[in-house]
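The values are calculated or read from the model by the stated rules, or taken from the named source; none is laboratory data. Predicted, not measured: the structure shown is a model, and the values here were computed from it. Cβ placement follows ideal geometry from the backbone for every residue including glycine, while neighbour counts extend to all protein chains displayed.
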Amino acid sequence: MVTAPHEGAIRDVPDPVASEGTVIVDVHRTGICGTDVEFWTGDMAYLHQGHATYPMRLGHEWCGVVSAVGAGVDAGWLGRRVTGDTMIGCGHCDRCRSGRHNVCEDRVEIGIRGGAAGALAERLAVPATALFALPDSVDDAAGAMVEPGGNALRSVRAAALAVRDRVLVLGNGTLGLLVAAFARADGAEVHLMGRSRATLDFAATLGFAGVWEREALPQLAWDAVIDASNAAELPAVALDLVEPGRRVVYVGLAGQPSLIDTRTMALKDVTAVGILAASQGLTGTIEHYAAGYVDPRPLIAATVGLGRAGDVLAGWRPATASAGPKMHIDPRL
């Protein structure tokens, strides 16, 4: 439970109860995301916009096993391994009815917005409508990577890549690396640009066509540029780099406003697409993982117990951690 910026504690709370339309999930894995870190530091925009308040329980990248179902829920969910959608719309507005519940004005976001408790816990209450079953071929490590994978897959789809198109991904954290992996699975030539030598060195081990610092980026024709960074200056760089008539995709969020020159966008006839949430990409992500087209597990640096969650949010890693960008919490440890 995060109680204030840079403050948190492990608390005993009553077990959640499966109310009508909901299930209880025994959590097996939870990923720590950059959004969680922003809540830890107090920088997350929702805190300043009134969409979230302390105390709050984080955790929106998760998997587990359904242990109880409420009234009106198919009992077949009991014992199923599942993950779930973070975005819970009202279900009644035009956006929800048209499949855009991720931008519902009245949505809650599990572990993020509207007071919905997250998965940094032993058990989690989730609407049954948000559940996605995991096949045996998607283990717990990959299961807790479905949510970031859904964001990545949606970003690649928005780029409208053809086989052998050349795509540049800005940012080489978890999201950027997953974007690169999905684009490669679609047959694109994938390059990444970043600024941390350590993370670039790790990205280079994953076999992409090119991994570059900004100063060394070659002058190539980029059929799409996908910004998965948190750098406020890179949205404009993406627009400058992309080929005329092609696409830029913005899925990363900076801590301060980013500026682009819309004259450049118009004169280059560029299509720009913004991506919020994994919702419409969750099924496809599970399918990619199950088939082995994308394997997210090398990105996981280490898995530790719930008691170390605050330390992980503050930047700690165990000495045995790999160079991957993602930390996982297993509340059973």
In region 80-101, how many are assigned to a loop (DSSP other than H, G, I, E, B) and more than 23 Å from residue 13 (Cα to Cα)?
-> 10
Looking at residue 66, is it under 25 Å from the mean Cα position of the chain (by Cα), among the aliphatic types (A, V, I, L, M) and buried (at least 18 other Cβ atoms within 10 Å of the Cβ)?
-> yes
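Results for (1) within 27 Å of residue 32 (Cβ to Cβ); (2) crowded, with 18+ Cβ neighbours inside 10 Å; (3) aliphatic (A, V, I, L, M); (4) touching a helix residue (DSSP H, G or I) at 6+ places or on another chain (Cβ under 8 Å), shown as yes or no for each residue.
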residue	(1), (2), (3), (4)
170	yes, yes, yes, yes
197	yes, no, no, no
202	yes, yes, no, no
215	no, no, no, no
242	no, yes, yes, no
245	no, no, no, no
249	yes, yes, yes, yes
Single residue of 99, 111 found to be of a type outside the set (Asp, Glu), crowded, with 21+ Cβ neighbours inside 10 Å and in the same structural domain as residue 18 (by TED's automatic domain parsing) = 111
Taking region 292-333 as the search range and keeping residues that are without any contact (Cβ under 8 Å) to a residue 40 or more places away in the chain and part of a helix (DSSP H, G or I), which one is surrounded by the most Cβ atoms within 10 Å (Cβ to Cβ)?
-> 308
Name the residue, out of 71, 125, 117, that is in a loop (DSSP other than H, G, I, E, B), in the same structural domain as residue 35 (by TED's automatic domain parsing) and in contact (Cβ under 8 Å) with a residue 60 or more places away in the chain.
-> 117
Looking at 43, 15, 26, which is the one that is in the same structural domain as residue 134 (by TED's automatic domain parsing), surrounded by fewer than 19 Cβ atoms within 10 Å (Cβ to Cβ) and not in a loop (DSSP other than H, G, I, E, B)?
-> 26
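Which ones in region 130-172 are more than 19 Å from residue 221 (Cα to Cα) and in a loop (DSSP other than H, G, I, E, B)?
The answer is 134, 135, 136, 137, 138, 139, 144, 145, 172.
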Count, please, the residues in region 85-96 that happen to be surrounded by 13 or more Cβ atoms within 10 Å (Cβ to Cβ) and without any contact (Cβ under 8 Å) to a residue 60 or more places away in the chain.
-> 7
Test each condition in (1) outside the structural domain of residue 86 (by TED's automatic domain parsing); (2) over 23 Å from residue 186 (Cα atoms) for residue 302 and report the one that comes out false.
-> (1)
